[in-house]
Amino acid sequence: MLSVRIPLRGKEYFNLYANGKPVFSSFDEEFGSFFQFEGAVFLQYGWTLRGRQADHRRAYLVCEYSETRSFSGTYLPNVKEPCAILGIFYGRKIDSARQAFFNLEKICGKEVYLYSPGFWQKFSCLLDGFENNKSLAIKSNLEILCSRYKTFQKFKEK
């Protein structure tokens with residue numbers, strides 16, 4: 001499980017948005033919200049300068065370091081445990097990633113965050129790919145990826 005603290009707006013030098021499958025959540029008036037996520041988590045950081053939103057934002061697709069073998073653990077701001085970074089997104093790709101996560105949740109529900117790191121690497125490759133200035137992470141490609149993964153999981157269980 002990954003423990004993430006989301007700061008109160010304007011209290012720290014960045015804002016944080018986290019999307020995943022929450023297992024536990026709490027709120028503190030001084031420190032902000034605290035979440036524990038199971039599986040993969042999408043973290044979006046937006047930096048602020050003197051109380052105003054800066055033009056710099058960055059997003060990470062991460063999972064627990066213990067779930068992977070070939071990745072090194074990385075500590076990110078406001079995440080307690082070391083993470084394995086499965087994808088890094090900047091600028092316009094963040095908006096594509098948020099739309100893709102929305103579509104994934106519509107297709108598979110919140111259980112999609114429990115899929116293996118291999119699934120998320122393929123998902124990250126779809127987000128990085130462009131054809132005719134359009135992202136490859138469109139709904140039809142995401143449906144194919146999810147159906148193949150579900151078929152593979154059923155075959156693996158037998």
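The values are calculated or read from the model by the stated rules, or taken from the named source; none is laboratory data. What you are looking at is a predicted structure, and each value in this text was computed from that prediction instead of being measured. Glycine also receives a Cβ, built like all others from the backbone with ideal geometry; neighbour counts cover every protein chain displayed. The area values use the complete protein model at the heavy-atom level, side chains included, leaving out ligands, DNA and RNA. Shrake-Rupley method; radii C 1.70, N 1.55, O 1.52, S 1.80 Å.
Quick one: which residues, 5 or more positions from Phe14 or on another chain, have an amide H under 5 Å from its amide H? H modelled 1.01 Å from N in the peptide plane, none for Pro or chain starts.
Amide H neighbours of Phe14, under 5 Å, 5+ apart: Thr48.
Quick one: 3J(HN,Hα) in Hz for the range 38-46, Karplus 6.51/-1.76/1.60 with θ = phi - 60°, rounded, Gly and Pro as x.
Along the range 38-46, the couplings run 9, x, 7, 9, 9, 10, 10, 9, x Hz.
Kindly write out, for the range 103-109 in residue order, the coupling ³J(HN,Hα) from the Karplus curve 6.51 cos²θ - 1.76 cosθ + 1.60 (θ = phi - 60°), rounded to whole Hz, with x marking Gly and Pro.
The phi angles translate into 5, 4, 5, 5, 6, 10, x Hz.
Could you estimate the translational diffusion coefficient of the range 52-117 from the Stokes-Einstein equation, with Rh from the Kirkwood formula over C-alpha pairs, at 10 °C and 1.306 mPa s, in whole µm²/s? Don't skip to the answer; put the middle values down first.
Numbers: Rh = 13.4 Å.
Estimated diffusion coefficient is 118 µm²/s.
Just grab the label-to-label distance for Ser72 and Glu131, each label 7 Å out from Cα along the Cβ direction, in nm (one decimal).
A separation of 3.6 nm, rounded to one decimal place.
For the chain, with every protein chain kept in place, what is the accessible area per residue (1.4 Å probe, Å²)?
Numbers: 9580 Å² over 158 residues.
Per-residue accessible area for the chain comes out at 61 Å².
Accessible area of Trp47, 1.4 Å probe, to the nearest 10 Å²?
Using a 1.4 Å probe on the heavy atoms, I get roughly 60 Å².
Going through the cross-link list Lys21/Lys150; Lys80/Lys150; Lys110/Lys139; Lys21/Lys134, which pairs have a Cα-Cα distance over 25 Å in this structure? Don't jump to the answer; show the numbers that get you there.
Numbers: Lys21/Lys150 18 Å; Lys80/Lys150 31 Å; Lys110/Lys139 16 Å; Lys21/Lys134 28 Å.
The pairs that break the limit, which is 25 Å between Cα atoms, are Lys80/Lys150; Lys21/Lys134.
From the phi of every residue in the range 20-37, what ³J(HN,Hα) in whole Hz does the Karplus formula 6.51 cos²θ - 1.76 cosθ + 1.60 yield, where θ is phi - 60° and glycine or proline is x?
Coupling constants for the range 20-37: x, 9, x, 9, 9, 8, 8, 10, 10, 5, 8, 9, x, 9, 10, 10, 10, 10 Hz.
How much of Val4 can a 1.4 Å solvent probe reach, expressed as accessible area in Å² and rounded to 10?
Taking all protein chains as shown, Val4 has close to 0 Å².
Given the protein chains as shown and a 1.4 Å probe, how many square angstrom of Asp95 are accessible, to the nearest 10?
Approximately 80 Å² of Asp95 is accessible to the 1.4 Å probe.
Please report, as a whole percent, how much of the solvent-accessible surface of the chain comes from carbon and sulfur atoms (probe radius 1.4 Å).
Numbers: 4910 of 9580 Å².
Reported share for carbon and sulfur atoms: 51 percent.
What FRET efficiency comes out for the pair Gln99/Trp47, r = Cβ-Cβ distance, R0 = 35 Å, nearest 0.05?
On the way: r = 22 Å, r/R0 = 0.63.
FRET efficiency, Gln99 to Trp47: 0.95.
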